[in-house]
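The values are calculated or read from the model by the stated rules, or taken from the named source; none is laboratory data. None of the values given here were measured: they were computed from a predicted structure. Heads up, the Cβs are rebuilt from the backbone with ideal geometry, glycines too, and the neighbour counts pull from every protein chain shown. Ligands, DNA and RNA are stripped out before the accessible areas are found, and what is left, the full protein with its side chains, is counted by its heavy atoms. Shrake-Rupley method; radii C 1.70, N 1.55, O 1.52, S 1.80 Å.
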Amino acid sequence: MNKNLVAFIAACAGMFLFGITLITLGSVATDLKLKFQLTGIAAGTLFSILPFGILTGSLIFGPVGDRYGYKLLLILACIGTFLGFEGIAYSHSLDLLKICIYIFGVSGGIINGATNGVVSDISVEHKGANLSLLGVFFGLGALAMPLVLGMLSKTISSFYIVAIVGWITLAVAFFYAFVSFPPAKQQKGIGAAKGRSLFNRLLLFIAFFLFFQSSFEAIINNWATTYLTTKGVMSETDALYALSLHIVGMVVMRLLAGSVMRQIPEVKIMWVCLALLAIGVVLMQIGNSKGIIITGLIFSGAGLAGGFPLMLGITGKYFADFSGTAFSFVFTIALIGNMLINYLMGIIVDNYGVRHLTTVAYIEIGFMTLFFYFIIQRLRTTK
């Protein structure tokens, strides 16, 4: 790992930027609505462009990274992210803003996937632990943008702050030009035999585990504040604060998994995470005080910490010859789950009430547990 330390630092910088990217649009949503006089439906349509962009980027990065390596791909993605930040900050045309948001999403999806691919490739051992450390920087980026906007937006325009962050992204692209990333693994492309390996049962089980993991993250991020305010235990401001602690729980657990717990078998860590996830949802459901519900959100955040790093670690180990393409496959399935279940959650809320957030959460935990059991069985037969 030491000889690849610079590549690891570069990947962490990219993941930090992806955390910022994913949260930026929501952080300036109110300002964008005012600037363009958007209705709720128009704003929702605008913000739905971002996940489609991320989905596109997730499809692109793997095959391209396996064929040509990650260096140029990451540089171009950082430039695209820069254009997205500047477009969000300075666009005066709604059509131009839509294009910039799509580019923003595509570039973010590439950075997310490629940085995970880089860390997987440079990690001979403890792939899951190293990917957990990488995931810490996603959480830090997601926490940093709202914090900076909250501190400075009263004295500096939020759009000006977004523009400054864009220039930081361009600086990262310049840094990448001097970093030695892992070489391409499939210089002749992926043959039909390896293409068929994408339908390997182990990879399918991992993909559908992440389908439910990603969608669980989405419904908590998008509906928890509404759930908590409707329940009447806290104000919207307190609910947003509690949701931030949910992310803190994820960051702390990933930090532990990548450091003091790195010698513990990944299967045991994943079982602990699933248990924490279930306990967290129970506390959210039965809690009648801020303390209990905040504890539940912290536990659920910690429970979500293991999913992506540990599953990508398994993927990188067992599909090492075309890990980028395998990562693209599982990320794509995960993002489809994110969008699909989140949409279905909206229908459930409209027809049956937001109190069923915990019902959907229990169902998702059940499917995650089932697919994790299938993964364990496949790992036993694959060894």
Criterion (at pLDDT 85 or above, open to solvent by less than 30 Å² (accessible area, probe 1.4 Å), over 24 Å from Gly80 (Cβ atoms) and part of a helix (DSSP H, G or I)) met by exactly one of Phe205, Phe211 = Phe211
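Table: residues versus (1) among the basic types (Lys, Arg); (2) under 21 Å from Phe331 (Cα atoms); (3) without any contact (Cβ under 8 Å) to a residue 40 or more places away in the chain.
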residue: Thr230; (1), (2), (3): no, no, no
residue: Ser244; (1), (2), (3): no, no, no
residue: Pro265; (1), (2), (3): no, no, yes
residue: Val272; (1), (2), (3): no, no, yes
residue: Met284; (1), (2), (3): no, no, no
residue: Gly291; (1), (2), (3): no, no, yes
residue: Phe299; (1), (2), (3): no, no, no
residue: Ala302; (1), (2), (3): no, yes, no
query = Give me the pairs: first residue in the stretch 342-354 and assigned to a helix (DSSP H, G or I), second residue open to solvent by less than 40 Å² (accessible area, probe 1.4 Å) and among the small types (Gly, Ala, Ser), beta-carbon distance under 6 Å, and six or more apart or on different chains, which are they?
reply = Asn342/Ala218
request  = Can you give me the number of residues within the stretch 86-111 that are at pLDDT below 90 and polar (S, T, N, Q)?
outcome  = 2
Some residue of the stretch 339-354 being among the aromatic types (Phe, Trp, Tyr), more than 20 Å from Gly249 (Cβ to Cβ) and surrounded by fewer than 23 Cβ atoms within 10 Å (Cβ to Cβ) = yes
inquiry  = Looking only at the stretch 240-283, how many residues end up being in contact with a Ser or Thr (Cβ under 9 Å, 6 or more places away or on another chain), in a loop (DSSP other than H, G, I, E, B) and not basic (Lys, Arg)?
reply    = 2
query = If you check Tyr176 against the conditions, is it at pLDDT 90 or above and touching a helix residue (DSSP H, G or I) at 6+ places or on another chain (Cβ under 8 Å)?
reply = yes
task = Test Ile279 against the stated conditions and say whether it is crowded, with 24+ Cβ neighbours inside 10 Å, farther than 26 Å from Val119 by Cα and modelled with pLDDT of 85 or more.
result = no
query = Got a number for residues in the stretch 91-106 being open to solvent by less than 10 Å² (accessible area, probe 1.4 Å) and either in contact (Cβ under 8 Å) with a residue 40 or more places away in the chain or under 15 Å from Ala173 (Cα atoms) (or both)?
reply = 4
remark   = Within the stretch 123-152, of all residues that are closer than 16 Å to Phe319 by Cα and open to solvent by 10 Å² or more (accessible area, probe 1.4 Å), the one nearest to the chain's Cα centre (by Cα) is Lys127
query = Before we move on, is Val119 more than 23 Å from Gly150 (Cβ to Cβ) and surrounded by 19 or more Cβ atoms within 10 Å (Cβ to Cβ)?
reply = yes
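Report the residue count in the stretch 57-90 for those that are among the charged types (D, E, K, R) and surrounded by fewer than 21 Cβ atoms within 10 Å (Cβ to Cβ). Lay out the reasoning, then the answer.
Filtering the stretch 57-90 down to residues among the charged types (D, E, K, R) leaves 66-67, 71, 86.
Narrowing further to those that are surrounded by fewer than 21 Cβ atoms within 10 Å (Cβ to Cβ): 67, 86.
Number satisfying all stated conditions: 2.
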query = Which ranges mark the helices (runs of 4 or more DSSP H) fully within the stretch 5-122 that have 1 or more residues being closer than 25 Å to Gly313 by Cβ?
reply = 5-27, 49-68, 71-90, 94-122
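Within the stretch 153-170, count every residue that is assigned to a helix (DSSP H, G or I), more than 26 Å from Val252 (Cα to Cα) and open to solvent by 60 Å² or more (accessible area, probe 1.4 Å).
Number satisfying all stated conditions: 3.
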